[in-house]
Amino acid sequence: MQYSTVAKVLGLDRKKLQDWYKNHLSDFKSPSVQEALHKNDITLPPKLQTTEEQKVDVPILKPENLGEQMAVDEKYINGKFYTLLTNAKTGKIALMASTTKSELLSQAGSLLGDKRFDVKILTRDLASYYDWFGRTNFMNAAHVADKFHVLKHAFDALQDLRIYHRQKLLSKKREAFEKYKKLKKDKPKLRFTYNENKLANGETHRQLLARSRHLLFKYPNQWTQNQSERASLLFKNYPDLKLSYKFIIDFRNWYSADNVIGKELDKKARFDKLQMINNQLNKWMQRVNLADITEISNFKSLVERHRGEITNYFITGASNAIAEANNSIINAFIRNNRGTRNLDFFYFRLSQFLS
């Protein structure tokens, strides 16, 4: 329910409508709802307790929402990071807990009971606490790294290299200004000047690097005319960026949904295709090693550490798309329903809407 929309239709004050719903029209004030909101909360061990926090809120715990494919993700709400476990088919939340600590998550997950054994696929980001949460609670599940998070790391590596070059130029300008300040003591009328060469498109190197951010997220056939011209200058002046961009494009092509192994293939064909996919990744890693570009090497190391979860994508085709979609819904929910001023009421509304 979007109070602003309903209030406008009915010609009522939005705050008054929310107050009516919370205190009179809904079951929120009923003893059963109030008890249910916190009956599964976990008391923190004494060493983890603070004056502001003595327990982990578990406002949603519904084993019936567990299914064969689940997605786990974090969400920042009201100053805390929450863990949400979502059914990838139905979009229903099975678990919501106000923690990302592996020990506490495992304790919360154990409350889901034997239905945990029904989970065959668990999609998640690369955080270690979700790895442990999955291993201790969903023993029958194959872990699949969320493609969105993996590609985000890839893009971050590329952007880090762009920023590195820009920071070097900014450092040169700062050093020139520091030199000017020393000279100005003897020459009070001296003015600071810093000449930067302009490129063929009229931009300085600093401007080129700053304005190239968005084109690095795209495939070349998606560039506008201006972006194509800028990319040509960028890669001419910064060959390591050109090579790094190619590495990330190659990785994206390898990580394509087109390479997901079809279930119609027989066992040998599936094995052969998976072997081919792994060989392609090995060759990509070898090329990255030879290039020796720190930012891309760091990304390669991440891929190497999580290789099993990443390549499981090609076997299952699973992603965390439903969790990301729910994050967007929660954001809109907070925005349209006056946020989380009353946290219990927020829990109540969320459990009705998404569980």
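The numbers here are math on the coordinates, done by the rules we state, and not lab data. What you see is a predicted model, and the numbers here were worked out from it, not measured in a lab. Here the Cβ is made from the backbone with ideal geometry for all residues, glycine too, and neighbour counts use every protein chain on show.
Here are the numbers for this structure:
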item: Dipole of segment 201-241, positive end: most advanced residue of 225, 207, 235 [Cβ charges, Cα centre]; result: 207
item: Computed over segment 184-275: relative contact order in percent, which uses C-alpha pairs under 8 Å that are six or more apart; result: 16
item: Antiparallel bridge percentage (DSSP; both residues within the chain; nearest 5); result: 70
item: Shape of segment 252-348, Cα gyration tensor, a/c cut at 1.5; result: oblate
item: Net dipole in debye of segment 148-316 [+1 Lys, Arg Cβ; -1 Asp, Glu Cβ; about Cα centre; nearest 20]; result: 1160
item: Three-way shape call for segment 148-316 based on the alpha-carbon gyration tensor, with the a/c threshold at 1.5; result: prolate
item: Cross-link reach list, lysines versus residue 22, counting only Cα pairs under 21 Å and skipping chain neighbours closer than eight places; result: 8, 39
item: Segment 134-239 shape via C-alpha gyration tensor axes, a/c threshold 1.5; result: oblate
item: Mean Cα-pair separation over length for the chain, i.e. relative contact order, pairs under 8 Å, 6 or more apart, %; result: 20
item: Net +/- balance of residues flanking residue 329 in space, Cβ distance below 13 Å, scoring K and R +1, D and E -1; result: +2
item: Answer label for percent of Cα pairs over 35 Å apart (calculated), chosen among [x] 20; [y] 35; [z] 45; result: [z]
item: Formal net charge of residues neighbouring residue 207 (Cβ-Cβ distance under 12 Å; K, R +1; D, E -1); result: +4
item: Dipole of segment 20-154, positive end: most advanced residue of 117, 93, 56 [Cβ charges, Cα centre]; result: 93
item: Intensity falloff of segment 131-176 expressed as log10 I(q)/I(0), Debye formula with alpha-carbon point scatterers, at q = 0.14, 0.33 Å⁻¹; result: -0.57, -1.04
item: Simple Cβ-charge dipole of the chain, Lys/Arg +1 and Asp/Glu -1, about Cα centre, in debye nearest 20; result: 2020
item: Most positive-pole-ward Cα, 299, 192, 44, against dipole of the chain from beta carbon charges; result: 192
item: Computed helical MRE - 222 nm, the chain, DSSP H runs ≥ 4 contributing -39500 (n - 2.57), nearest 500; result: -17000 deg cm²/dmol
item: From phi via Karplus (6.51, -1.76, 1.60), per-residue ³J(HN,Hα) for segment 91-105 in Hz, x at Gly/Pro; result: x, 7, 7, 9, 8, 9, 9, 8, 7, 10, 6, 4, 4, 6, 5
item: Vicinal HN-Hα couplings computed from phi for segment 137-151 (Karplus, 6.51 cos²θ - 1.76 cosθ + 1.60; Hz; Gly/Pro x); result: 10, 10, 5, 8, 9, 7, 8, 10, 5, 5, 4, 4, 5, 5, 5
item: Violating pairs (Cα-Cα greater than 21 angstrom) within the set 89/147; 29/80; 62/89; 147/246; result: 29/80
item: Set of lysines with alpha-carbon distance to residue 198 below 19 Å, sequence-local pairs under 8 removed; result: 168, 172, 173, 236
